[in-house]
Amino acid sequence: MLRSPRMTRRERLVFELSLLVCVTFLPGTGVRAQEREQPGTPVGKVSVVGNLILMELDEGALGRENLFDLGRHTLRFTPGQAGYRVENLPLKWDADFGPPITDPQVTLHSFSFPFSGKSWNAFSVGVTGSIRFSEAAMARDFGSGSAPRDLGGVSIGRFDPLSEAAARLVNTVPAICVFFKPRMRGDRYVKELADRVVVTWDVTEPYGNIQDFTWTKTINRFQAVLHQDGAIEMSYNQIAARDAIVGIYPLVSGAAEKPLASLSATQHPPVAAHLDLKGLKHSPEVHLSSLQPQDGPFPVVYEAFHHYALPNPRDLSCTVIKGLGDRFDFLAYYSDFRVDNQEAGTPSDGPLGAVGGAVTGIGATQRGLESYCTPGRFQWEFVQPVYVGSNQMQERPPAGAPMGTSRDITFYQRQLAEISQDGKMPPYMYAMSQIAHEMGHRWGAFVSAKVGSETIPLGPIHWAMGLQAPVAFPYRRPTEASIMGGGVWQDNFDGTYTQLDDDYYVPATGWSYLDLYLMGLISPAEVPDFFILRHPVAAGKDAHGRPIFKADRTKVTIRDVIAAEGPRLPAVDKSQRQFNTGMVILVQHGAKPSSELRERTEAIRKLWMEYFSMTTGHRASMTANPR
């Protein structure tokens, strides 16, 4: 990762971080992959419907949803010697929110709040709906993924399911989850009175982006009242979201702290390793809406509201391959239901199989074919299904959708419509971004370059933002950076560089020359010399608003990549040129696919074949044939 002490934190993030729209799990790497190393087994039955594969899951294959059911109610947590009693009451709501806060740190002046065996005169309030009591400056990241996006309250890993993360929060930091849902944004208000403090959230789910489920703001207003005597009230005035973590997380001390050796993963999700849940009088996870005043007391008490469990991707591939044979290079999944992920997109992984032998020289190694039930062909897949109601499964933004940032497709609506033959934005631009980017991880972006005596990573996972990676055969715009990251940089010949296109994959773009080489579609001689920018310093913007940076330029050639990774084999004259994608629609046991699911997946299927041919310069072809 590039770093420069001369840049502000914001400037460094803007330039250096390839925003992890997906996290690719090569077999045997990454937390989520390690949890899913067991060989896959079929979890449903498959059939062919037109040009699509229909997968009907076995009953209970992904568990059950547990959706939020406390709207227009107030939960009151009353402390006692052994824990909290919980009451579910009609809504109590203080309409006077007090002033908004911009800093998550809150200091009390009238009283101290007793919680988790201490009295607190300060706490932090997260935009995402939690309160943390801790001397630490930032909540720990409790799972896999990138650093916390919300500096207040608690945080979890980017791809952590809420159903699992709720248990992992136990005994980590004293906290109250009022309606903890990652990626929320909006306003927080704090009002301190003589005997209580009122904290109110007015927030929205994220909207407009490829990773979102809505094009417009949603309303989520909830409130916590912390009383001087330690009582806590959580009130839910208006809630659009259906999944979140709600609960009380004081630290559990004394006899409850034992090795967690006797519990199986099916009894409780992964929790803090030293917490013996059997030592507690009650399970800490409850159904809050059904609790009675006589229930408890609870030293720790919470409920995870969530969508269906994440599937094991090996199970999905095994279901298809066992049912229809090893005839697919790629598998993409779409569904009528949501899974327990805060993002509408999906990571990807696979065994890196191939027609004609394993591919080498790309920085990734074939392995685990049997775990995916493939004799050798199957290469890469979505980790989870994309929900039919998400932004990326809709043809275009709806009329009236607000214009977002340069990372939202709405930002480019006029530009894309002007170059389109029918005067409209091309259809399913988000869907093309997702499938092209994820399937592109079959080959990239994992390589380094050996320049002189120095080995320089060009990624990893996504091309570094400073990598010069112009597209060889653009998809829709004349100037595009690779769908796998990097940028298009204009050398101003004064030590500065203008960013003509960034590393984000919206709108959908094509493949760089380096991508096409790693795919086996062009020879080393066809890859122009390129460069990577390091040690960046922001230097303003040009007349068109494009960022300018001062940076150190390092020339890179394809020979440098080969010196680090070895030659790409099979070489261009023997590489695979024909690929087949299985487009799979998933339904729950006994359900039928909706017309929207069938029609949208079919449209994406057709565009994917067109996209692949166009962006590879017709040097390769893609079919999507289930038979």
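No lab work stands behind these numbers, since they all come straight from the coordinates. These figures come from a predicted structure and were not determined experimentally. A quick note on method: Cβ atoms are made from the backbone with ideal geometry, for glycine too, and the neighbour counts reach across all protein chains shown.
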*Dipole of the stretch 461-530 (Lys/Arg Cβ +1, Asp/Glu Cβ -1, origin at the Cα centre): which of GLY510, LEU467, TYR497 lies farthest to the positive side?*
GLY510
*Could you compute the FRET efficiency for ALA95 and GLU59, with r as their C-beta to C-beta distance and R0 at 56 Å, rounded to 0.05?*
0.75
*Relative to the Cα centre, what is the charge dipole magnitude of the chain, using +1 at the beta carbon of each Lys and Arg, -1 at the beta carbon of each Asp and Glu, and rounding to the nearest 20 debye?*
460 debye
*asked:* Can you give me the angle between helix 595-615 and the longest principal axis of the chain, using Cα atoms only, in degrees from 0 to 90, rounded to the nearest 10?
replied: 40 degrees
*Relative to the longest principal Cα axis of the chain, at what angle does helix 429-440 sit, 0 to 90 degrees, rounded to 10?*
70 degrees
*Kirkwood hydrodynamic radius for the stretch 409-520: how many Å is it when counted over pairs of different Cα atoms?*
14.8 Å
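Taking only C-alpha pairs under 8 Å that are 6+ residues apart, what is the relative contact order of the stretch 66-116 in percent?
Once normalised by length, the contact order is 25 percent.
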*Using alpha-carbon pairs under 8 Å, 6+ residues apart, how would you state the relative contact order of the chain in percent?*
16 percent
*asked:* Can you find, among PRO457, LEU369, PHE531, the residue sitting farthest towards the positive end of the charge dipole of the chain, where Lys and Arg contribute +1 and Asp and Glu -1 at Cβ?
replied: PHE531
_Reported label for calculated Kirkwood radius over Cα pairs in Å given (1) 25.0; (2) 29.4; (3) 26.1_ = (3)
_Using a 7 Å offset from the Cα along the Cα-to-Cβ direction at both SER112 and THR360, what is the distance between the two label points in nm, to one decimal?_
6.7 nm
*Using Cα pairs under 8 angstrom and six or more residues apart, how large is the relative contact order of the stretch 582-627, in percent?*
38 percent
*With label points built 7 Å along Cα→Cβ from the Cα atoms of GLU596 and SER406, find their separation and express it in nm.*
3.3 nm
*In degrees between 0 and 90, to the nearest 10, how far off the longest principal axis of the chain does helix 313-324 point, with axes built from Cα atoms?*
50 degrees
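Is it possible to state the helix-based mean residue ellipticity at 222 nm for the chain, with each DSSP H run of 4+ residues giving -39500 (n - 2.57), the sum divided by total residues, to the nearest 500 deg cm²/dmol? What is it?
Estimated from H runs of four or more residues: -4000 deg cm²/dmol.
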*asked:* Could you work out how much longer the chain between GLU370 and THR496 gets when fully extended? Use 0.36 nm per residue separation minus the Cα distance between them, nm to one decimal.
replied: 40.3 nm
